[in-house]
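Peer 1: Structure provided below as structure tokens; questions to follow.
Rule-based calculations on the coordinates, nothing more; no lab input. Note that the structure is a prediction, hence the values are computed from the model and not measured. Every residue, glycine as well, gets a Cβ built from its backbone with ideal geometry; the counts of neighbours run over all protein chains shown.
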Amino acid sequence: MTAVVQEPAVVQEPIVSKRGLLALGALVLFSLAIVTTSRLTGVGTVPFTLPAAVESRDLRFVDGEKGAVLVFDASNDQLVERLGPGNGGFIRVVMRSLARQRRIAEVGAEPPFRLTRYESGQLTLTDTVTNRQIDLGAFGSDNIGAFARLMHPGSTK
């Protein structure tokens with residue numbers, strides 16, 4: 001029988017030194033301290049305020065028959081626009097996103113959405129329940145126009 005000789009185990013030194021780990025930890029703590037100080041004091045931040053609102057309109061969006069979306073003025077329940085199947089794609093996408101947020105918050109379709117135009121011409125859509133606001137200008141002029149015509153039906157404003 002042959003005897004098996006075992007070689008002594010080799011101890012491997014850590015790849016990163018303790019000094020390196022301490023320096024990394026200090027850097028992380030310093031970064032957190034800077035961010036926290038900035039958030040609490042406002043130093044180093046750029047405040048963003050919207051210009052004054054020129055006009056707004058509260059709207060309700062309701063699913064109609066055969067895939068239509070009905071848009072009502074929330075103040076008087078008058079029909080503003082009927083978007084048939086295949087029409088109003090951008091409006092449908094935006095409203096689907098906002099409706100999903102409402103489902104998560106367990107809110108129905110009854111509370112209105114607020115369409116607001118500002119002095120700068122900026123147009124936003126705000127969910128009056130979740131306070132989520134979408135700057136419609138970020139999606140281009142054609143898509144702004146889709147919502148702008150809801151502000152003044154029948155006009156090209």
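Peer 1: Rounded to the nearest 500, what is the 222 nm mean residue ellipticity of the chain from helices alone, with -39500 (n - 2.57) per DSSP H run of 4+ residues and division by all residues? Spell out each step's value before the answer.
Peer 2: On the way: 3 runs with 51 residues, N = 157.
Mean residue ellipticity, 222 nm, calculated: -11000 deg cm²/dmol.
Peer 1: Among 63-76, 110-123, what's the highest-first ranking by average C-beta atoms within 10 angstrom per residue?
Peer 2: Numbers: 63-76: 13.2, 110-123: 16.4.
Taking the mean over residues of other Cβ atoms within 10 Å, the ranking is 110-123, 63-76.
Peer 1: Using bins 5 angstrom wide from zero, how does P(r) for the chain break down, in % of all Cα pairs?
Peer 2: With a bin width of 5 Å, the distribution comes to 1, 7, 12, 14, 12, 8, 6, 5, 5, 5, 4, 4, 3, 3, 2, 2, 2, 1, 1, 0, 0.
Peer 1: Starting from the amide H of Ala74, placed 1.01 Å from N in the peptide plane, find each other amide H under 5 Å away whose residue is 5 or more places distant or on another chain.
Peer 2: Here Asp58, Leu59, Arg60 satisfy the definition.
Peer 1: If amide hydrogens are placed 1.01 Å from N in the peptide plane, which non-local residues have theirs closer than 5 Å to the one on Val54?
Peer 2: Arg117, Tyr118, Glu119
Peer 1: Now for a separate question. So, by mean Cβ neighbours within 10 angstrom, what's the order for 54-61, 32-39, 86-93 with the highest one leading? Walk me through the intermediate numbers first.
Peer 2: Values: 54-61: 16.5, 32-39: 11.0, 86-93: 14.9.
Result, highest mean Cβ count within 10 Å first: 54-61, 86-93, 32-39.
Peer 1: Which residues in the range 16-48 place their backbone N less than 13 Å from a point set 7 Å from the Cα of Tyr118 along the Cα-to-Cβ direction?
Peer 2: What the label zone holds, given the 13 Å backbone N cut-off, is 47-48.
Peer 1: Pull up all non-local amide H partners of Arg132: gap of 5 or more, or a different chain, and H-to-H distance under 5 Å with H placed in the peptide plane.
Peer 2: Close amide H contacts, sequence-distant or interchain: Asp127.
Peer 1: Give, in nm to one decimal, the length gained when the segment between Ser31 and Ala52 is fully stretched (0.36 nm per residue of separation minus the Cα-Cα distance).
Peer 2: Numbers: separation 21, 0.36 × 21 = 7.56 nm, distance 3.61 nm.
That works out to 3.9 nm of additional length.
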